[in-house]
Amino acid sequence: MTQIRCKVKGVFVAISDAATVPLVVLFDGGEERHLPIFIGLWEAVSINSAINKEVLPRPFTHDLFLELLAKFSITLRFLQIDSIENGVYYAQLVLSANHHEEYIDCRPSDGIALALRGDAPIFVDETVLMSAGQKIQDLPEMVDLSTFLQR
């Protein structure tokens, strides 16, 4: 399995006649492959605040999780999105402590929020990018989350 380091392009809201759904878009550093991942509203808000480096008066759950890891000297090494089945993405957080590494199953949206807050890289399996990656022009109609929330 070849892992491709990806970046977060942004958090958006896909708008259609049928629904309005938040999504995060990852990309491989070029403009060829964009990976849209539909997520919940609270995860979208958390990821967006991490992108914007917002410091809130009270911690989000993702902030709390990272604080807990730090208190117990556990390092978040990276997030790996390793498969997609029936439109559902699967991911793992890779944690280390005392020269021991653990892979913990997580939702990609939670993993992205944690990786951004913890300055950890995000990797996507090349087969996932090949099967679910899209050109930017093929993505659904989207509005930036911050713009959408200001309406």
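Side notes on the structure shown:
- Taking segment 1-121 and dividing mean pair separation by its residue count, relative contact order in percent (alpha carbons under 8 Å, at least six apart): 20 percent
- Candidates per trypsin sites (Lys or Arg not before Pro) in segment 1-110, loop by DSSP, up to 16 other Cβ within 10 Å: Lys53
- Qualifying GluC sites (Glu not before Pro) for segment 72-150 [loop in DSSP, other Cβ within 10 Å: at most 16]: Glu141
- Computed [θ] at 222 nm, helices only, for the chain once each DSSP H run of length n ≥ 4 contributes -39500 (n - 2.57): -8000 deg cm²/dmol
- 5 angstrom amide H check on Arg77, placed H, neighbours 5+ away: Val94, Leu95, Ser96
- Loop sites in segment 18-83: GluC sites (Glu not before Pro), DSSP, at most 12 other Cβ within 10 Å: Glu31, Glu32, Glu54
- Scattering from segment 66-144 was approximated by placing one identical point on each alpha carbon and applying the Debye formula without solvent; log10 I(q)/I(0) at 0.15, 0.18, 0.20 1/Å stands at -0.60, -0.79, -0.91.
- For Arg33, residues with placed amide H under 5 Å, excluding near neighbours: Asp28
- Counting only residues at least eight positions apart within a chain, or on another chain, the aspartates and glutamates with an alpha carbon under 15 Å from that of Lys71 are Asp63.
- Across segment 68-151, C-alpha contacts under 8 Å between residues 6 or more apart give a mean separation that, scaled by the residue count, equals a relative contact order of 26 percent.
- Each Lys and Arg adds +1 at its Cβ and each Asp and Glu adds -1 at its Cβ; summed about the Cα centre, segment 25-151 shows a dipole of about 460 debye.
- Diffusion constant of segment 61-104 at 25 °C, which comes from Stokes-Einstein with the Kirkwood Cα-pair radius and 0.890 mPa s, µm²/s: 212 µm²/s
- The eigenvalues of the Cα gyration tensor, multiplied by 5 and square-rooted, give segment 3-149 an equivalent ellipsoid with semi-axes of 25, 19, 12 Å from largest to smallest.
- Hits among lysines - C-alpha to C-alpha of Lys7 under 23 Å, sequence gap 8 or more where chains match: Lys53, Lys135
Every number in this text was worked out from the coordinates using simple rules, so none of it is lab data. Predicted model only: the values in this text are computed from it and were never measured. All Cβ positions, even for glycine, are placed from backbone atoms using ideal geometry, and neighbour counts span all protein chains on display.
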